[in-house]
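The values are calculated or read from the model by the stated rules, or taken from the named source; none is laboratory data. Note that the coordinates shown come from a computational prediction; the quantities given were computed from them, not determined experimentally. Glycine gets a Cβ as well: all are built from the backbone with ideal geometry, and neighbour counts include every protein chain shown.
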Amino acid sequence: MRAVWDAWGNVLVAWAIGAPLVVLGAWALYRLRLRRGVPPPTARRYSIAEAGILVGTLPWVWMILTPIDGERAVLLVPLRDLLETLADTPWRALVQILPNMIVFLPLGFFLPMRFPRCAGVWRMTLIGALCSTALESAQYVLDLGRFSSVDDVLMNAAGAGIGAAIARLRPLAPRAQEPCQGHASGGPHSCPHDFLHTC
C-alpha cells in the first residue's frame, strides 16, 4: 500500500478533489439542460454519463501517461506478455491484469449512455481497442519509459466490452430499437435518445 501511495498519491489526491467538482459540474449541466427544454430523463442520463466518463477514466489515463524510470519498448506478439504475467505469483498477476481491465470499463459503461450509437459489447470493445492503441502509441512516442504492449490493448478493450455488457443491465439504458414517443403519437416530442434532434 505504501508503494501505491508513493507512486500514485498525487493522482489519488487530485481525484479526491476533482470528483466532487465533476459532480457539481454535472448537476449544473443537468439544470442547464432542463432550462433549455431537454426532457428530464435525457438530461439526467447525459449528465451522469459525462461525469462518469471523466471520474472513471481520466485518472487511469493520467497514470498510463505518467513517465517512469524505465526503457521504452514495443511488445507486438499477442498473449506473450499476458502469459508471462499469469505465470508469475497470483498477487502480481492480479495487480498487473486487473487495472488493465478496469481502465476503460467506466468508458464502456457510460459512453453508450451518452451516445446510444456506441451501445453494444463488440462496438465498445472496438472503441476501447482504438483508445488503448492511441495511449500505447503515445507512451512510445513520448518516451515515457514504459512498454507499449499489444496485450495491454487486448485487456483494455476487454474491459470496455465488459463495461458495455454491464451497461445493458442498468435502468437508464436507452433502447436503440424503441420508437420515439413523437413517432408513436404523431406529436413533436423530443427524441429521448438525443435532445439535439427531434422525432
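Do we have any residue at all in the stretch 57-79 that's of a type in the set (Asp, Glu) and assigned to a helix (DSSP H, G or I)? Looking through the stretch 57-79, none of the residues is of a type in the set (Asp, Glu) and assigned to a helix (DSSP H, G or I). Taken over the stretch 129-160, the criterion of being polar (S, T, N, Q) and touching a residue at least 60 places away in the same chain (Cβ under 8 Å) is satisfied by Gln139, Ser148, Ser149. Going by the structure shown, is Arg114 among the basic types (Lys, Arg) and farther than 29 Å from Gly9 by Cβ? So Arg114 fits the description; yes. Flag: Phe115 does not match the condition of being farther than 20 Å from Asp152 by Cβ and either under 11 Å from the mean Cα position of the chain (by Cα) or buried (at least 21 other Cβ atoms within 10 Å of the Cβ) (or both).
Residue count for the stretch 43-70, restricted to those that are in contact (Cβ under 8 Å) with a residue 60 or more places away in the chain and within 21 Å of Met124 (Cα to Cα): 9. Taken together, Ala176, Ala160 contain a single residue that is of a type outside the set (Val, Ile, Thr), modelled with pLDDT of 95 or more and under 30 Å from Pro41 (Cβ atoms), which is Ala160. Within the stretch 1-28, residues that are under 16 Å from Thr66 (Cβ atoms) reach partners that are at pLDDT below 75 and surrounded by fewer than 14 Cβ atoms within 10 Å (Cβ to Cβ) with beta carbons closer than 9 Å, at six or more positions or on different chains, in the pairs Leu12/Val4; Leu12/Trp5.
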